[in-house]
Amino acid sequence: MSKKISYLTQIIQFSRNFIKMLKNPAGERNKQPILEILQQYVDVNKESRLLEISSGCGLHSSFLSSYFPMTSFQPSECDVNLFKSIKAYTKDCRNVKEPILIDISKDHESWDSAYEGQLLKSSTNIFEYMLNINMIHITPFECTEGLFKNSSKLLKSKGLLFTYGPYSMNNVLTPESNVLFDKSLRSKDPSWGIRDICDLKLLAEKNSMDLLKIHDLPSNNKLLVWIKN
């Protein structure tokens, strides 16, 4: 009888975790292409730290962490309502930490979150990698400014920032589906919109960051690799 009760308890707990795990169809489609690019840059034989900005439901940290067991993943979000989903996705991941609250539009010196027992506001040059997926085009530009400004402070020298999403280049946005997507975003919020890589390069350079590589990925998206110089 006790075995049946124990088994039933496991089923109930699994169901609760499943409910907390928010679905992310786009994330399911792009996680493998993103992994294949990160495998070109993240050293699997060396201990490292990765800070994910705007982790969403937590799918990417959960998926990627198993391929980089020597890397400690730190998910973060500005919406604490997403913490339950992040925890549900990553609860069995040995190298993923509890999510922390980060408003990337603010200077990191105003953050109250802690990393490994130390407040981030008093920390610099501590991460080898930072990751930001599908945030830049659905947030005000202040968030993008904060992303580069804070990356330049939190990354170690030669540290890498990975950003993923749709981008235009030299004010040319293709294909037509991305043009329509951009119009849709701006109709929802005028401060949103697909950003131009040239504008991001200027922003990065102001913050001691350089564009290292542009990778074309499926569904008309790109993964940009930035390096702290």
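The values are calculated or read from the model by the stated rules, or taken from the named source; none is laboratory data. As the structure is a prediction and not an experimental result, all values here were calculated from the model. Because the Cβ atoms are built from the backbone with ideal geometry, glycine has one as well, and the counts that use them run over all protein chains shown.
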Query raised in the report: Is it fair to say Ser2 is modelled with pLDDT under 95 and more than 24 Å from Ile104 (Cβ to Cβ)?
Result: yes
Of the residues in region 77-133, those that are without any contact (Cβ under 8 Å) to a residue 24 or more places away in the chain, under 21 Å from Lys31 (Cα atoms) and within 17 Å of the chain's Cα centre (by Cα) number 2
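Tell me the strands (runs of 3 or more DSSP E) entirely within region 146-229 that contain at least 2 residues that are crowded, with 20+ Cβ neighbours inside 10 Å.
Hits in region 146-229: 155-165, 221-228.
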Going through (1) over 22 Å from Lys31 (Cα atoms); (2) in contact (Cβ under 8 Å) with a residue 24 or more places away in the chain; (3) of a type outside the set (Lys, Arg); (4) surrounded by fewer than 18 Cβ atoms within 10 Å (Cβ to Cβ) one by one, Pro69 fails only at (1)
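Only one of Lys156, Lys188, Lys183 is among the charged types (D, E, K, R) and under 26 Å from Pro75 (Cα atoms); which?
Values: Lys188 fails: under 26 Å from Pro75 (Cα atoms); Lys183 fails: under 26 Å from Pro75 (Cα atoms).
Within the list Lys156, Lys188, Lys183, the selection yields Lys156.
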Only one of Pro75, Pro69 is at pLDDT 95 or above and in contact with a strand residue (DSSP E or B) (Cβ under 9 Å, 6 or more places away or on another chain), namely Pro75
Sole miss for Glu52 among (1) part of a loop (DSSP other than H, G, I, E, B); (2) within 13 Å of the chain's Cα centre (by Cα); (3) of a type in the set (Asp, Glu) is condition (1)
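Check Leu185, Leu223 and return the single one that is more than 18 Å from the chain's Cα centre (by Cα) and either touching a residue at least 24 places away in the same chain (Cβ under 8 Å) or closer than 22 Å to Ile34 by Cβ (or both).
Numbers: Leu223 fails: more than 18 Å from the chain's Cα centre (by Cα).
Answer to the selection: Leu185.
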Residue hits (region 33-73; over 23 Å from Phe148 (Cα atoms) and among the β-branched types (Val, Ile, Thr)) are Val44
Note on region 55-64: residues surrounded by fewer than 22 Cβ atoms within 10 Å (Cβ to Cβ) and not aromatic (Phe, Trp, Tyr) are Cys57
The condition from (1) assigned to a loop (DSSP other than H, G, I, E, B); (2) in contact with an Asp or Glu (Cβ under 6 Å, 6 or more places away or on another chain) that Thr124 misses is numbered (2)
